[in-house]
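Trainee: Below is a structure I'd like to ask you about.
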Amino acid sequence: MSSKILKFTLNGEPVEIAVSPEDMLVDVLRDKLELTGTKKGCGKGECGACTIIMDGEAVNSCLVPAMKAMSASVETIEGIGGPGKFHPVQETFMDLGAIQCGFCTPGMIMSSKALLDKTTSPTSQEIKKALAGNICRCTGYVKIEEAVMAAAEKMREKQ
Amino acid sequence: MQSVGKSVRRVDAVAKVRGMADYVDDIFVKDMLQVKVFRSTIANGRVKKLDVSRARALPGVVVVVTYEDVPKHTFPTAGHPYNKDPKHQDVADRRLLTDRVRFFGDEIAAVVAVDELTAVKALRLIDVEYEQYEPILTAEAALIDGAVEIHEGTKNIIARSEYQLGDWEEALAQADEIFEDEFSTSTVQPCALENHGAYAYMDASGRVVVCTSTQIPHICRRVVGQALGIPWGRVRVIKPCVGGGFGSKQDVVVEPLVAFLTTVVGGRPVKLVLTREETFIASRVRHAIQFKLKTGVKKDGAIVARQMTAVSLNGGYASHGHAIVDNSGEKYRHLYDQLAIKFAATTVYTNMPAAGAMRGYGIPQVMFALDCHMEDIARALRLDPLDFRLKNLNKTGYTDPILGITVRSNGLPECIAKGRRLIRWDEKKAARRQQSGPKRRGLGMACFCYTAGTYPLNLEIAGARIVMNQDGSVQLQVGAVEMGQGSDTVFSQMAAETLGIPVDMVHLISEQDTEITPFDTGAYASRQTYISGMAVKKAAAEIKDKVLRHCGLMTGISPQSLDIADAWVVDHKGARVMPLAEVALDGYYNLACAAPFTADVTNSATTNPLSYGCTFAEVEVDLATGKVKVLEIYNVHDSGKIINPQLAEGQVHGGVSMGLGYALYEQMIFDPATGEPLNNNLLDYKLMTAADTPEIGPAFVETDEPTAPYGNKSMGEPPVMSPAPAVRNAILDATGVKFNQLPMNPHRLFERFKAEGLI
């Protein structure tokens, strides 16, 4: 199939890459750009492991045709925090024990960050809603929700 | 204790929050080929004709392998240690590919192509014709006279077993009342978030290297050797980060096929990662088990006789097979006391996905039957259900008459007392009035017991290796497997504790490689903190002994009077003698007697402590919709001393969540006419989400287990064992209706409430 050039902003940097029309964004990120922090648990938008932030919204990158990302701003787990620095939600995930096998963690963090980018005063219901599309089989979600709440508090303190 | 008992941050936390933890599918190997499996679209039958010529001709297809091209012998897949006694070996009933189709999705052929898309396209070019038989989806259908044999010569029975202890007739004669009932559980799937996947290649010396998401690297090596018919030493298994297992990766699923396929393509790397839909049906599921119970009780509530019969549905291949329901029969015996007890069980083949290990290994099933039955007896006798259980519990000092294992710590009475307080049981019971509205509340509880490992039924062996670096830090290698449960972190804590160094001076090598890592059977049976933990403790103690002796040489102080604290060698008064790093450096570079401090230890356990616990739940049942809302739920555990409270709480949260899914939502559904799975995806199979999860209250009663490395007992599986019966008993308390079948989903509740005239 004829390939097309996809141009978008990835973790703050401009990217140009040849993709096939049938490519999904998750596969472009993982296989072509070697950003394997974004996980693939179902490929059908059921589990949320591939969650990224596209133009400010948390989306399942397995449901986004790559060409849909044209001119978009995309954030992946690799773009969160920075060298020697963590995003508050990464810190609270570590400190509060919100991680077990880790396979859902990048997606959970991206869904959490998308919420926290919009509000640093989320209610517990808003947190549950933001995470409802991300499946975790290890933690029972309890410590993850606590971590998001604690990250919000940290962010409020910094503001 | 400096490190043990503390909520130390996970050693893999940074990698996991940064997306730097590498799972099988994250690893790039050049020239990797992709594998797709051609699966049956019938549940029971035989391939009459298979035409792969069009698939072979598709550009980009490297090879198509069918059942005709694979070795003719069968092999076992269960993740049990090898047993030298053929009578105790796992059932060897698999071939790499088959023409005899035993479940919907059985493996007939495999395509190896340059990329995934080409492999998928090739699957569509394969033509097949079947001879079809009626799918066998129930125990009754499997056992009926003249039923088609799923495996020839078995009569569809994998195994039967039974035991009897005490004089049954005499015991039963003492009963004032006899209670009988039936319970059944559903087929559920572990649903680890990472699907099963592996890749394999051959190295320059011709060895087959398999990189896989597994709980059992060393067992996997043996099974791959058996499957390919090559010496086990020619197989090397590497385990990178594992995205959850819950038992389905205590089995060898995709590894033999990729190992075989790389030998077909001249050693080029080949990768097979199952889709979610494939993982549901082609990995492993939890056995659905049907139980019949009969219990003789005296008026005062003393149980005199107990009997259980069980039929376990195993699917098309044996996998762990009869071991699961045998474990049900064992813990059934361990939890309560009586004068006489009987157990008989049968495991049958059906045309469903192979059932294997899943968190709890037969115990969530049997505790659902047992502790619902106990609740019903207490209510019938108008006894307090807590007192009734407490009266009949086995006590510390109990020795199992069959296995010979002795209980040296039992905190279950304290667990029950704690749960009772946490949920305010007495207060709520006293305040409860006759309920008449559409929403009714109820309280329920249930107990469990479990072991730590499989001794004396199986080998219990674990290895640990420690090398002290020049700076006094250590490299720790274990054969035990991290799959999310936090074992790497607790082993680091254990080594730090015994060595007298901070946890960040322990560098644990998480990746398993059968070429390098010490022998250990792996992550299952909640064995690792107990069995492998002891190996770590022994290795650390050996290193410490070497350090102190060397320091004795350096200083002239008697090693017996020295100790290590905070990475310093200290004297008997605690005064600092020398930094540990100075001793370590001298150990490496002393011109006269350099010998770096190393230890390589194997622990072979011959004890097996019981852990205990209970769930207390309060629910609100909406009669009109059949929906159950869990208002409060507490799991109280006697897992001995807790090594890392935060990680232990995490185990409880996750286990309770899985237990609630088991209670209320989860079940795999098959078309009764065709055996086709109807919900093998994460939308139609109802897993708990953040929106469904109530507050979960973990609590611990910390007994001190004398046989354990640090007083600890099993922790990983126990949390999933008692939520389902506790919720069932709470629904009974709320509505007066007994649900003896899982799951207790709105559909089932609604129909029943209607039939009972409640709505």
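The values are calculated or read from the model by the stated rules, or taken from the named source; none is laboratory data. Predicted model, so just to flag it, every value in this text is computed and none were measured. Note that each Cβ is placed from the backbone with ideal geometry, even for glycine, and that neighbours are counted across all protein chains shown. Accessible surface is based on the protein model in full, side chains and every heavy atom, while ligands, DNA and RNA are left aside. Shrake-Rupley method; radii C 1.70, N 1.55, O 1.52, S 1.80 Å.
Trainee: Identify, among B:19, B:581, A:17, the residue whose Cα sits farthest towards the positive end of the charge dipole of the protein assembly as shown, taking +1 on the Cβ of Lys and Arg and -1 on the Cβ of Asp and Glu, with the dipole about the Cα centre.
Mentor: Sorting the options by dipole projection puts first B:19.
Trainee: So what is the 222 nm mean residue ellipticity for chain A from helices alone, if each DSSP H run of at least 4 adds -39500 (n - 2.57) and you divide by all residues, rounding to the nearest 500 deg cm²/dmol?
Mentor: So the helix-based figure for chain A works out to -9000 deg cm²/dmol.
Trainee: Further question: Stretch residue B:148-residue B:116 to full length: gain in nm at 0.36 nm per residue minus the Cα-Cα span?
Mentor: Once the chain is fully extended between residue B:148 and residue B:116, it gains 7.8 nm.
Trainee: Given the protein assembly as shown, what percent of its DSSP beta bridges are antiparallel, to the nearest 5?
Mentor: Roughly 80 percent of the beta bridges in the protein assembly as shown run antiparallel, per DSSP.
Trainee: Within the set A:40/B:271; B:292/B:428; A:4/A:32; B:439/B:627; A:128/B:629, which residue pairs have Cα atoms separated by over 21 Å?
Mentor: Listed pairs above 21 Å: B:292/B:428.
Trainee: How large is the dipole of the range B:380-499 about the Cα centre if only Lys and Arg carry +1 and Asp and Glu carry -1, each at its Cβ, rounded to the nearest 20 debye?
Mentor: Roughly 1380 debye, rounded to the nearest 20.
Trainee: Using a 1.4 Å probe on the heavy atoms of the protein chains only, list every residue of the range A:25-45 that has 20 Å² or more less accessible area in the complete assembly than in its chain alone.
Mentor: Residues meeting the cut-off: A:30, A:34, A:36, A:39, A:40, A:41, A:42, A:44.
Trainee: So for chain A, averaging the separation of alpha carbon pairs under 8 Å that are six or more residues apart and normalising by length, what relative contact order in percent results?
Mentor: Relative contact order of chain A: 23 percent.
Trainee: Another one. Report the Cα-based extents of the range B:461-604 along its three principal axes, largest first, to the nearest Å.
Mentor: 47, 31, 25
Trainee: State, as an integer percentage, the relative contact order of chain B based on alpha-carbon contacts under 8 Å between residues 6 or more apart.
Mentor: Value for chain B: 16 percent.
Trainee: Name the long-range amide H neighbours of residue B:626: under 5 Å, sequence gap of 5 or more, or other chain; modelled H, no Pro or chain starts.
Mentor: none
Trainee: Run the paramagnetic zone check for residue B:566: 7 angstrom along Cα to Cβ, then residues of the range B:578-600 with backbone nitrogen under 20 Å.
Mentor: Within reach of a label on residue B:566, which here means backbone N under 20 Å from a point 7 Å along Cα→Cβ, the range B:578-600 contributes B:578-584.
Trainee: Further question on the same structure: List the GluC sites (Glu not before Pro) in the range B:134-211 that DSSP assigns to loop (not H, G, I, E or B) and whose Cβ has at most 11 other Cβ atoms within 10 Å. Which are they?
Mentor: B:152
Trainee: How far is the Cα center of the range B:135-197 from the Cα center of the range B:274-311, in Å?
Mentor: 8 Å
Trainee: Taking the Cβ of residue B:58 as the center, what net charge do the other residues with Cβ under 14 Å away carry, scoring Lys and Arg +1 and Asp and Glu -1?
Mentor: Taking every other residue near residue B:58 into account, the sum is +1.
Trainee: Right, another one. Determine the gain in length on full extension of the stretch residue B:298-residue B:264; use 0.36 nm per residue of separation and subtract their C-alpha separation, reporting nm with one decimal.
Mentor: That pair, residue B:298 and residue B:264, stretches by 5.5 nm at full extension.
Trainee: Here is a follow-up. Compute the accessible area of each residue in the range A:121-158 twice, once for its chain alone and once with every protein chain present, using a 1.4 Å probe on heavy atoms, and list those whose area falls by at least 30 Å².
Mentor: With the partner chains in place, the range A:121-158 has these residues losing at least 30 Å²: A:128, A:132, A:135, A:137, A:138, A:140, A:141, A:142, A:143.
Trainee: So if we plug the beta-carbon distance of residue A:2 and residue B:68 into 1/(1 + (r/R0)^6) with R0 = 22 Å, what FRET efficiency do we get, rounded to 0.05?
Mentor: 0.05
Trainee: Could you pull out the trypsin sites (Lys or Arg not before Pro) across the range B:292-375 that fall in loop regions by DSSP (anything but H, G, I, E, B) with no more than 12 other Cβ atoms inside 10 Å?
Mentor: B:299
Trainee: Let me ask another. Run through all the Cα pairs of the protein assembly as shown and give the fraction in each 20 Å bin from 0, expressed as whole percent.
Mentor: Whole-percent P(r) values from 0 Å outward: 14, 46, 34, 6, 0.
Trainee: Would you mind computing Rg(Cα) / (2.2 N^0.38 Å) for the range B:573-646, counting N as its residues?
Mentor: Expressed relative to 2.2 N^0.38 Å, the Cα Rg reads 2.40.
Trainee: Continuing with the same structure: Taking loop as defined by DSSP and a crowding limit of 13 other beta carbons within 10 Å, which GluC sites (Glu not before Pro) in the range B:495-537 fit?
Mentor: Passing sites in the range B:495-537 are B:515.
Trainee: I'd like the FRET efficiency for residue B:173 and residue B:695, computed as 1/(1 + (r/R0)^6) with the beta carbon distance as r and R0 of 51 Å, rounded to 0.05.
Mentor: The value I calculate is 0.60.
Trainee: Rounded to two decimals, what ratio of Rg to Rh does chain B give with C-alpha atoms and a Kirkwood Rh?
Mentor: 0.99
Trainee: A further question follows. For residue B:422 and residue B:516 in the same chain, what is the full-extension length gain: residue separation times 0.36 nm, less their Cα-Cα distance, in nm?
Mentor: Gain in length upon complete extension: 29.1 nm.
Trainee: Along the principal axes of its C-alpha atoms, what lengths does the range A:62-159 span, in descending order and rounded to whole Å?
Mentor: 37, 33, 28
Trainee: Using a 1.4 Å probe on the protein chains only, how many percent of the accessible area of chain B belongs to carbon and sulfur?
Mentor: Exposed carbon and sulfur together represent 51 percent of the surface.
Trainee: Please find the FRET efficiency linking residue B:430 to residue B:631, where r is the Cβ-Cβ separation and R0 is fixed at 22 Å, and quote it to the nearest 0.05.
Mentor: According to the calculation, E is roughly 0.80.
Trainee: The range B:567-608: Rg/Rh from Cα coordinates, Kirkwood Rh?
Mentor: 1.21
Trainee: Looking at the range B:671-695, which residues lose a minimum of 20 Å² of accessible area between their chain alone and all protein chains in place, measuring with a 1.4 Å probe and not counting ligands or nucleic acids?
Mentor: Hits at the 20 Å² cut-off: B:682, B:683, B:687, B:688, B:689, B:690, B:691, B:693.
Trainee: If you don't mind, there's one more thing I want to ask. Can you work out the PRE-style zone for residue B:131? Point 7 Å along Cα to Cβ, and I want the residues of the range B:90-116 with backbone N under 12 Å.
Mentor: B:100-101, by backbone N distance to the label point.
Trainee: Suppose each label sits 7 Å from its Cα in the direction of the beta carbon; what would the residue B:604-residue B:585 distance come out to in nanometres?
Mentor: Taking the two extended label points, one gets 4.2 nm.
Trainee: If you take the C-alpha gyration tensor of the range B:436-479, multiply each eigenvalue by 5 and take the square root, what semi-axes do you get, largest first, in whole Å?
Mentor: After diagonalising the Cα gyration tensor, the semi-axes are 50, 21, 7 Å.
Trainee: In the neighborhood of residue B:733, defined by Cβ-to-Cβ distances under 12 Å, what is the net charge if each Lys or Arg adds +1 and each Asp or Glu adds -1?
Mentor: Summing Lys/Arg as +1 and Asp/Glu as -1 gives +4.
Trainee: Taking the Cβ of residue B:602 as the center, what net charge do the other residues with Cβ under 15 Å away carry, scoring Lys and Arg +1 and Asp and Glu -1?
Mentor: 0
Trainee: Please report the buried accessible area for the interface of B with A, total over both chains, probe 1.4 Å, in Å² to the nearest 100.
Mentor: Its buried surface, counting both partners, is about 4000 Å².
Trainee: Rolling a 1.4 angstrom probe over the protein heavy atoms, how many square angstrom per residue are accessible across the protein assembly as shown?
Mentor: About 36 Å² of surface per residue is accessible.
Trainee: Quickly estimate the mean residue ellipticity at 222 nm for chain B, helices only: each DSSP H run with n ≥ 4 gives -39500 (n - 2.57), and the total goes over all residues, rounded to 500.
Mentor: Taken over chain B, the calculation gives -8000 deg cm²/dmol.
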